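Data first, discussion second: the structure below is written as structure tokens.
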Amino acid sequence: MMVKGRKLQPLSRNDKEEIIERIAEEIYLFLDRKLGEENIDSLSLKVELEGDYYPIVVLEADISINPFKLNDKELKDLLDEALEHGFNIAEKMIKERRKHG
């Protein structure tokens, strides 16, 4: 029995830009829900999507918050959770683009 494969479609520049913007927005909203905007002093996100056929997502976050809100361990855990949320969004969006591409 022979299985017919589908040709893998590359992500377009527009697809990548939309995915990057959505990831950044979702991470920001996630942190805002958990901390409250008034407790976030500064937030810097780096979101990259490298590769067209087999994209690699690179996420980095640097945050400064009200020191009375969370301790360092709690903040690290929250950032890990936020970045994991971002990776999940990326995976979902890439799969959607591939289905409709």
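The values are calculated or read from the model by the stated rules, or taken from the named source; none is laboratory data. All values reported here derive from a predicted model rather than from experimental measurement. Cβ placement follows ideal geometry from the backbone for every residue including glycine, while neighbour counts extend to all protein chains displayed.
To keep it simple, each residue is scored yes or no on (1) within 23 Å of residue 12 (Cα to Cα); (2) in a helix (DSSP H, G or I); (3) among the small types (Gly, Ala, Ser); (4) in contact (Cβ under 8 Å) with a residue 40 or more places away in the chain.
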{"position": "27", "(1), (2), (3), (4)": "yes, yes, no, yes"}
{"position": "42", "(1), (2), (3), (4)": "no, no, yes, no"}
{"position": "46", "(1), (2), (3), (4)": "yes, no, no, no"}
{"position": "54", "(1), (2), (3), (4)": "yes, no, no, no"}
{"position": "58", "(1), (2), (3), (4)": "yes, no, no, no"}
{"position": "62", "(1), (2), (3), (4)": "no, no, no, no"}
{"position": "67", "(1), (2), (3), (4)": "no, no, no, no"}
{"position": "75", "(1), (2), (3), (4)": "no, yes, no, no"}
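Restricting attention to region 80-101, report how many residues are small (Gly, Ala, Ser) and surrounded by fewer than 14 Cβ atoms within 10 Å (Cβ to Cβ).
Result for region 80-101: 1.
Exactly one of these conditions fails for residue 86: (1) part of a helix (DSSP H, G or I); (2) free of Cβ contacts under 8 Å to residues at least 40 places away in the same chain. Give me its number.
(2)
Condition check ((1) aliphatic (A, V, I, L, M); (2) within 15 Å of residue 86 (Cα to Cα)) across all residues:
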position	(1), (2)
22	no, yes
28	no, yes
31	yes, yes
35	yes, no
54	no, no
60	no, yes
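Answer with yes or no whether residue 8 is in contact with a Lys or Arg (Cβ under 8 Å, 6 or more places away or on another chain) and either modelled with pLDDT under 95 or part of a helix (DSSP H, G or I) (or both).
For residue 8, the condition - in contact with a Lys or Arg (Cβ under 8 Å, 6 or more places away or on another chain) and either modelled with pLDDT under 95 or part of a helix (DSSP H, G or I) (or both) - is met.
Condition first: modelled with pLDDT of 95 or more, surrounded by 15 or more Cβ atoms within 10 Å (Cβ to Cβ) and out of contact with any Phe, Trp or Tyr (no Cβ under 9 Å at 6 or more places or on another chain). Now tell me which residues in region 41-62 satisfy that.
Result: 47, 49.
Quick one: count up the residues across region 63-79 that are under 22 Å from residue 93 (Cβ atoms) and loosely packed, with under 10 Cβ neighbours inside 10 Å. Write out each step before concluding.
At the first step, the residues of region 63-79 found to be under 22 Å from residue 93 (Cβ atoms) are 79.
When the remaining residues are screened for being loosely packed, with under 10 Cβ neighbours inside 10 Å, the result is none.
Matching residues across region 63-79 total 0.
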